[in-house]
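A.B. asks: To start, I am sharing the structure in question, which I have written as structure tokens.
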Amino acid sequence: MGVQLQQKVLVVDDEPDICFLFSRILRSRNLKTGYAHNLAEAGSSIREDPPALIFLDNSLPDGLGMDFIPYLKKNYPKTRVIVVTANDGPSDKKMALQRGADDFWGKPLSLDLINQVLDSLSSGFLSETFPAV
């Protein structure tokens with residue numbers, strides 16, 4: 001019988017409540033969970049243990065999440081990135097997707113949407129499909 005590796009999901013958000021919410025949801029699904037409150041912490045965490053999926057806030061204390069996406073895609077091309085932000089206008093979405101984000105969600109978040117993506121992750125299809133937003 002083969003060993004199933006636990007996939008890591010990283011939450012990058014400066015709001016502790018958002019990190020706590022995601023962590024509870026992710027852990028309830030037996031996913032390895034990490035969180036970072038700024039881009040510097042995110043970079044360290046990713047270098048130590050690259051995640052399969054990153055939920056990335058855009059407005060962080062040390063920069064914009066969107067500016068971090070090209071680095072992520074260049075150095076960790078298999079990692080999927082979902083931008084999660086309160087600033088969710090059409091131009092923000094377009095910019096995030098142009099920079100390489102796999103999806104873009106506005107806050108407040110939908111538990112159903114989170115679960116759809118996690119279902120894709122657990123079934124191994126995260127790299128190929130995302131639910132329609």
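The values are calculated or read from the model by the stated rules, or taken from the named source; none is laboratory data. Keep in mind that what you see is a predicted model, and the values were worked out from it rather than measured. Note that each Cβ is placed from the backbone with ideal geometry, even for glycine, and that neighbours are counted across all protein chains shown.
A.B. asks: Looking only at the range 21-29, decide whether some residue is in contact (Cβ under 8 Å) with a residue 12 or more places away in the chain and farther than 21 Å from residue 112 by Cα.
C.D. replies: no
A.B. asks: Moving on. Scanning the range 25-52 for residues that are modelled with pLDDT of 95 or more, under 20 Å from residue 99 (Cα atoms) and among the aliphatic types (A, V, I, L, M), which turns out surrounded by the most Cβ atoms within 10 Å (Cβ to Cβ)?
C.D. replies: Only one residue tops the list, namely 42.
A.B. asks: Go through the residues of the range 67-82 one by one and say whether even a single one is within 10 Å of residue 12 (Cα to Cα) and out of contact with any strand residue (DSSP E or B) (no Cβ under 6 Å at 6 or more places or on another chain).
C.D. replies: no
A.B. asks: Report yes if residue 88 is among the charged types (D, E, K, R), surrounded by fewer than 20 Cβ atoms within 10 Å (Cβ to Cβ) and in a loop (DSSP other than H, G, I, E, B), otherwise no. If you could, list the steps in order and put the result at the bottom.
C.D. replies: On the way: among the charged types (D, E, K, R): yes; surrounded by fewer than 20 Cβ atoms within 10 Å (Cβ to Cβ): yes; in a loop (DSSP other than H, G, I, E, B): yes.
For residue 88, the condition - among the charged types (D, E, K, R), surrounded by fewer than 20 Cβ atoms within 10 Å (Cβ to Cβ) and in a loop (DSSP other than H, G, I, E, B) - is met.
A.B. asks: Do the conditions hold for residue 5, that is, is it part of a loop (DSSP other than H, G, I, E, B) and at pLDDT below 95? Break it down into steps so the answer makes sense when it comes.
C.D. replies: Working: part of a loop (DSSP other than H, G, I, E, B): yes; at pLDDT below 95: yes.
So residue 5 passes the test.
A.B. asks: Answer yes or no as to whether residue 18 is at pLDDT 95 or above and either crowded, with 21+ Cβ neighbours inside 10 Å or under 23 Å from residue 119 (Cβ atoms) (or both). Can you show your working first?
C.D. replies: Details: at pLDDT 95 or above: no; either crowded, with 21+ Cβ neighbours inside 10 Å or under 23 Å from residue 119 (Cβ atoms) (or both): yes.
No: the conditions fail for residue 18.
A.B. asks: With the condition kept exactly as written, say whether any residue in the range 35-56 is part of a loop (DSSP other than H, G, I, E, B), touching a Lys or Arg at 6+ places or on another chain (Cβ under 6 Å) and of a type in the set (S, T, N, Q).
C.D. replies: No, the range 35-56 contains no residue that is part of a loop (DSSP other than H, G, I, E, B), touching a Lys or Arg at 6+ places or on another chain (Cβ under 6 Å) and of a type in the set (S, T, N, Q).
A.B. asks: Additional query: Output the residue which, of all residues in the range 69-118 that are in contact with a helix residue (DSSP H, G or I) (Cβ under 9 Å, 6 or more places away or on another chain) and of a type in the set (Lys, Arg), is farthest from residue 51 (Cα to Cα).
C.D. replies: 107
A.B. asks: Please indicate, with yes or no, whether at least one residue in the range 22-33 is part of a helix (DSSP H, G or I), aliphatic (A, V, I, L, M) and in contact with an Asp or Glu (Cβ under 6 Å, 6 or more places away or on another chain). So that I can check it myself, show each step before the final result.
C.D. replies: Taking the range 22-33 and keeping what is part of a helix (DSSP H, G or I), we get 22-28.
Then keep just the ones that are aliphatic (A, V, I, L, M); that gives 25-26.
Filter once more, keeping what is in contact with an Asp or Glu (Cβ under 6 Å, 6 or more places away or on another chain): none.
Within the range 22-33 (the criterion being part of a helix (DSSP H, G or I), aliphatic (A, V, I, L, M) and in contact with an Asp or Glu (Cβ under 6 Å, 6 or more places away or on another chain)), the answer is no, since none of the residues qualifies.
A.B. asks: Scan 78, 93 and give me the residue that is more than 11 Å from the chain's Cα centre (by Cα), over 19 Å from residue 116 (Cβ atoms) and either of a type outside the set (A, V, I, L, M) or not in a helix (DSSP H, G or I) (or both). Full working, then the answer.
C.D. replies: Working: 93 fails: over 19 Å from residue 116 (Cβ atoms).
Only one candidate qualifies: 78.
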